[in-house]
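Here's the structure we're looking at; comments come further down.
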Amino acid sequence: MKRIAVIEGDGIGKEVIPQALKALEALDFRFERVDLEVGYARWERTGTAISDEDIETLRSCDCILFGAITTPDDPDYESVVLKIRKGLDLYANVRPIRPIAAISGAVGHKNFDFVIVRENTEGLYSGIEDIGDDRACTTRVVTRKGSERIAQYACKLATARRKHLTIVHKSNVLKSDKLFLDTCRQIAEEEGITYDDRLVDSMAYSLIATPWKYDVVVTTNMFGDILSDMSGALVGSLGLLPSANIGNSHAFFEPVHGSAPDIAGEGYANPIAAILSAKMMLEWCREFKKASLIEEAINQTLCRNIRTPDIGGNSTTTEFGDAVAEYIRDSF
Ligand code: NAD
Ligand code: IPM
Ligand code: MN
C-alpha cells in the first residue's frame, strides 16, 4: 500500500483536493494517508510555511497529492513548492496538454496532444540571488547533468508517444541555453528520437497557432512555467491542467494553477485539474484501469452539462466532484 501525503494548501487548494480524494475513494484506491498542513495559512499562524522536518515526512511518503499554495509578497517567505521540488529532487515537471472533448478552448483547435517537460530544479529557479536596494540579481543556472537527465526523461516519454522532441530555448541571447540545447540534441541522437528546436518567443506563437505540430516539448524551468499556463487557453481554462513533479524515487502531483485568491471561498473553482492530477498519480502507482475511469467520469460529467463557471457552466466545485464520484461508483 502506498503512503501518500495530502496537502490541500491555501485558497482553492482546499476546495479542489477534496474532490480528487472523493474520486480516489469511489475507486476504492486504498493508501496510507498522511495529512500535512504547510503553506501561507500556517506561515501566518506560526511564521513557518514548511520545515525541514516536513520535508523528511514527505520523504517518508511515496508521493504527494497537492492543491496550491499562496505566495505572499514578503522577501522572508520561502516558497513551499520550490522547497519540496528541490528537497525531493523532483527534476521533471510533466504537464500534458490535451483537449477535453466537451470543452472548447480559446482558439477552437481540437487536434493537439503534447506534453511540456519542464526542468524543475535549476534555471532561473536556482535560488541564487543577490538582492540589494539598487540592484537585484538572480542567477540562472544550467548544468550538463540537469540538462541530461531532463532530456533523458523527455526522450523516454517521446519513445512511448509519437517519438518527436522539440527543444525550446533562447540560446540566441542566453549563452546558458546553448548548453541546454546542445545537451538535449546529443541525448535525442543517442536515444534515436527525432528532434527540432525553437526559440521560446516564436514557440509561444506556434503553440497557439499550430499546436498539433508538437509531441514532447522539453525546456528550462521558467519557460516551461509560462508556456504551460499559456497552453491552458488551448484546452479552455487554467482549471483543467494537471501536472506531475517526478524524481527517481518520489513524485508530487498538483494542478498547474495556483490558489486563485480572486475566487477562493466561493465554491466555484474547477476541480478538474486536481482530479486529473490524482489520475496522473494513479498512473505513477501503475493503477492504469482506475486512472482511465477517472478520465471517463470527468467526460461523462461534462456531457451532463455539470460544469463550473470558468468553462461556461454554473455548477459548484462540490457538485462536479460529487457527480464524478457517483459515476465512478456506478461503473466500478
Ligand atoms: P492562479 O492560477 O491562482 O489564478 C489565475 C486565474 O485563473 C485567476 O483568475 C483564477 O481565478 C483562475 N483559476 C485558477 N485556477 C482555477 C480553477 N481551478 N477554476 C477556476 N478558475 C481558476 O494564478 P495567480 O493568480 O497568478 O496566483 C495566485 C497565487 O497562487 C499566488 O500566490 C501564486 O504564487 C500562487 N501559485 C501557486 C501555485 C502552486 O502552489 N502550485 C501555482 C501557481 C500559483
Ligand atoms: C507552478 C507555479 C510555481 C512555479 C510557483 C508557485 C513557484 O507557478 O507550479 O507552475 O513557478 O513553478
Ligand atoms: Mn506556474
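The values are calculated or read from the model by the stated rules, or taken from the named source; none is laboratory data. Just so you know, these numbers come straight off a predicted model, no measurement behind them. We place every Cβ from the backbone using ideal geometry, glycine too, and count neighbours over all the protein chains shown.
Descriptive notes on the structure:
- Flag: ASP215 does not match the condition of being within 16 Å of ligand 1 (Cβ to nearest atom) and either at pLDDT below 95 or under 22 Å from the mean Cα position of the chain (by Cα) (or both).
- Extreme residue, surrounded by the fewest Cβ atoms within 10 Å (Cβ to Cβ), among residues of the stretch 251-276 that are part of a helix (DSSP H, G or I) and in contact (Cβ under 8 Å) with a residue 40 or more places away in the chain: ALA273
- Check on ASN248, more than 18 Å from MET1 (Cα to Cα), more than 7 Å from ligand 1 (Cβ to nearest atom), outside any helix (DSSP H, G or I) and modelled with pLDDT of 95 or more: yes
- Given (1) outside the structural domain of THR317 (by TED's automatic domain parsing); (2) away from ligand 1 (no atom under 16 Å from the Cβ), index of the condition ILE97 fails: (2)
- Flag: SER259 does not match the condition of being within 15 Å of ligand 2 (Cβ to nearest atom), under 21 Å from THR301 (Cβ atoms) and assigned by TED's automatic domain parsing to the domain that holds ILE4.
- Residue within the stretch 277-298 that is within 12 Å of ligand 1 (Cβ to nearest atom), outside any helix (DSSP H, G or I) and of a type in the set (Gly, Ala, Ser) present: no
- Any chance ILE150 is under 15 Å from SER228 (Cβ atoms), within 16 Å of ligand 3 (Cβ to nearest atom), touching a residue at least 12 places away in the same chain (Cβ under 8 Å) and aliphatic (A, V, I, L, M): no
- Tally, over the stretch 126-141, of residues that are closer than 20 Å to GLU78 by Cβ and part of a loop (DSSP other than H, G, I, E, B): 6
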